[in-house]
Amino acid sequence: MNDRMMQAVLFDRYGGPDVLYVGRAPVPEPAPGEVLVKVSAFSVNGSELTVRAGRLRLLTGREFPKRVGLDFTGEVAALGAGVGRLRTGDRVWGVLSRTSGWGSAAEYVTVPAERVGLVPDGLDLVEAATLPVATTAITALRDKARLRPGERLLVRGAAGGIGHAAVQLGKAYGADVTALARSANLDFVRGLGADAAIDHRSIDPAELGRFDVVMDTVGTDLRTFRRLLNPGGRMVSIALDLDRLPAWLGYVAASAVHGRGRVRFFSGNPSQEHMDDLARHVTEGKLKPMVDTVYSLEETVTAHRALAAGGVRGKYVVKVS
């Protein structure tokens, strides 16, 4: 039995950011096919705030303490049986499976080897922590929407953790990108390559024109934005409107049968191919890390508060080691 202990961010009840604390947990041991990663940094994601607040408690249950942290960067500390692709000391990044729980907000984490990739040489591991969830944008634009060169792409929430990656990837895929963001973030999204940057509070969506693909990171008003699709257009949403969940799910299901533009919803679950594509985009200069603020492990509470307040440019990152 492993008696080594580590620091980890935990919570013993659902609630606001203040329920988080840095406690002690056993250092996990890699099972066959897994690697143990010494975590350098992780980012804070909106889905973590939803889970921490207890808005998905029917799925997450009432067994405590619970953990936070979805993505990570770090170095391979140990290999489980049967892992041949990686070596101890490799610099890696990855995303944990939401179905197996959270836990990258810690000094160590175990993860299946196929869910990690090699960090490109020369990329700082703290900055690199902004990028693993960009695999969600790769899945959304390349796999789900099948975005093609010359098409018009609308990104909602373009300054946020996945939105800012979608803007960059949209340009990499050859699209004409319109970005919706707060007025204070318009210069930021222009700097990402957006062809047009618009304050989402200053315009009626109907005035935006027509689009071939709508990438939604907000989860509200899907019907309104679906009306902006050209014939053959595609809408991809990665966010849930939990306040109107039954109606939201019904609308997404109905869109698969009726109307000219289906709403595709999914939760990121990157494959090894996605991790390799991520590294390639970074190496080619098509995708750059965008760090808003770096926090310490003890400041994870502050990072959660900041994300809940809105206005992030890129990602909030927590440095572990």
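I'd like the full set of residues that are part of a helix (DSSP H, G or I) and of a type in the set (V, I, T), limited to the stretch 185-202. Before the answer, list the steps.
Looking only at the stretch 185-202, we keep the residues that are part of a helix (DSSP H, G or I), and these are 185-191.
Listed by number, the list holds a single entry, V189.
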Pairs please, first residue from the stretch 24-36 and in contact (Cβ under 8 Å) with a residue 12 or more places away in the chain, second anywhere and loosely packed, with under 13 Cβ neighbours inside 10 Å and of a type in the set (A, V, I, L, M), Cβ atoms under 6 Å, 6+ apart in sequence or on different chains. R24/M5; P32/A81
Do we find that V214 is assigned to a strand (DSSP E or B), in contact with a Phe, Trp or Tyr (Cβ under 9 Å, 6 or more places away or on another chain) and either aliphatic (A, V, I, L, M) or closer than 25 Å to V44 by Cα (or both) in this structure? yes
Kindly indicate which of L169, L141, L154 is touching a Gly at 6+ places or on another chain (Cβ under 7 Å) and of a type in the set (A, V, I, L, M). L141
Given the residues G82, G117, G94, G69, which is the only one that is closer than 21 Å to R24 by Cβ, at pLDDT 95 or above and in contact with a Gly (Cβ under 8 Å, 6 or more places away or on another chain)? G69
Restricting to the stretch 222-256, count the residues that are under 25 Å from V133 (Cα atoms), modelled with pLDDT of 90 or more and not hydrophobic (A, V, I, L, M, F, W, C). 4
From (1) among the basic types (K, R); (2) surrounded by 13 or more Cβ atoms within 10 Å (Cβ to Cβ); (3) farther than 21 Å from A81 by Cβ, pick out the condition that doesn't hold for R13. (2)
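Only residues that are within 13 Å of G94 (Cβ to Cβ) and over 17 Å from the mean Cα position of the chain (by Cα): list them for the stretch 39-82, please. Lay out the reasoning, then the answer.
Initial filter on the stretch 39-82 (within 13 Å of G94 (Cβ to Cβ)): 39-43, 69-76.
Those that are within 13 Å of G94 (Cβ to Cβ) and over 17 Å from the mean Cα position of the chain (by Cα): V39, S40, G74, E75, V76.
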Restricting the search to the stretch 265-321, which residues are part of a loop (DSSP other than H, G, I, E, B) and among the aromatic types (F, W, Y)? F266
For the stretch 279-305, what are the residues that are surrounded by 18 or more Cβ atoms within 10 Å (Cβ to Cβ) and closer than 16 Å to A41 by Cβ? V282, P289, M290, V291, D292, Y295, L297, T300, A303, H304
Among the residues of the stretch 163-177, the number that are surrounded by fewer than 24 Cβ atoms within 10 Å (Cβ to Cβ) and β-branched (V, I, T) is 0
Within the stretch 208-216, can one find any residue that is modelled with pLDDT of 95 or more, assigned by TED's automatic domain parsing to the domain that holds E151, of a type outside the set (S, T, Y) and exposed (fewer than 15 other Cβ atoms within 10 Å of the Cβ)? yes
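The values are calculated or read from the model by the stated rules, or taken from the named source; none is laboratory data. What you see is a predicted model; the values in this text were computed from it and never measured. Using ideal geometry, Cβ is built from the backbone for each residue, glycine included, and neighbour counts are taken over all protein chains shown.
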